[in-house]
Structures are given as structure tokens and as C-alpha cells.
Amino acid sequence: MCIRDRVYSTCAFAPEENEVVIHKLVQKFAGAVRVVPPDFNLPSFRPGLSEWDGRTFVPDLKHARRIVPDALMDGFFVCCLEKTATTVS
């Protein structure tokens, strides 16, 4: 599991539900929230997308994981987030 402040996960591979959401979150709370590597490793994963449909995402999205379906599990997306400062104004 992610030993962090928050985990965002979906059972989809759609960038609109995954990287786009995290990109907007990190931009909205710049300096207060960041994507961090997970505390686990699965053999069948791909890093989060760095770009999609002409959009470039925050570099830290490389730490997100797109888990590829295999004989043991379905595919999913997981992203560990660390809160480094308050997000309340």
C-alpha cells in the first residue's frame, strides 16, 4: 500500500479519469500536493502518462502506476499523493 497522505485509484485506463484529474489537482495545489512513488511494486505496471492528446502533464505523474491486467488481477490506475502543506486558504 501507499504509506502516504492520500491514494487515488480507479479501475479505468482513461486518462480523463486518471492523469488529467491528478494533473489538475497538483496544479491547483501547487507546492502543497505532489505525486510520489508507491511503496509497492507489481511486475506488470507502466508509469503514469506524461502526455496525452496534445497535453503535457506534470512530470511527477511518472510515479503513478497503470497496472496492466494479468492472470491474477484486472488492470487499474493508482497514484500516491503526499500533502506537503495546507490546502486550506
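The values are calculated or read from the model by the stated rules, or taken from the named source; none is laboratory data. Keep in mind that this is a model prediction, so the values were computed, not measured. Every residue, glycine as well, gets a Cβ built from its backbone with ideal geometry; the counts of neighbours run over all protein chains shown. Accessible surface areas use protein heavy atoms only, side chains included; no ligands, DNA or RNA. Shrake-Rupley method; radii C 1.70, N 1.55, O 1.52, S 1.80 Å.
Candidates in the range 23-65 are the residues that are open to solvent by less than 30 Å² (accessible area, probe 1.4 Å) and either in a strand (DSSP E or B) or among the polar types (S, T, N, Q) (or both); of these, the one that is farthest from residue 10 (Cα to Cα) is 33. Among residues of the range 73-86 that are at pLDDT 90 or above, those with a beta-carbon under 9 Å from a residue that is small (Gly, Ala, Ser) and part of a strand (DSSP E or B) at least six positions away or on a different chain give the pairs 76/9; 77/9; 78/9; 79/9. Taking the range 66-89 as the search range and keeping residues that are open to solvent by 60 Å² or more (accessible area, probe 1.4 Å) and among the β-branched types (Val, Ile, Thr), which one is nearest to residue 6 (Cα to Cα)? Among residues in the range 66-89 that are open to solvent by 60 Å² or more (accessible area, probe 1.4 Å) and among the β-branched types (Val, Ile, Thr), the one nearest to residue 6 (Cα to Cα) is 84.
Filtering the range 8-22 to residues that are within 17 Å of residue 68 (Cβ to Cβ), open to solvent by less than 20 Å² (accessible area, probe 1.4 Å) and in contact with a Lys or Arg (Cβ under 8 Å, 6 or more places away or on another chain) leaves only 18.
Total residues in the range 13-22 satisfying the condition of being assigned to a loop (DSSP other than H, G, I, E, B) and under 15 Å from residue 80 (Cβ atoms): the figure is 1.
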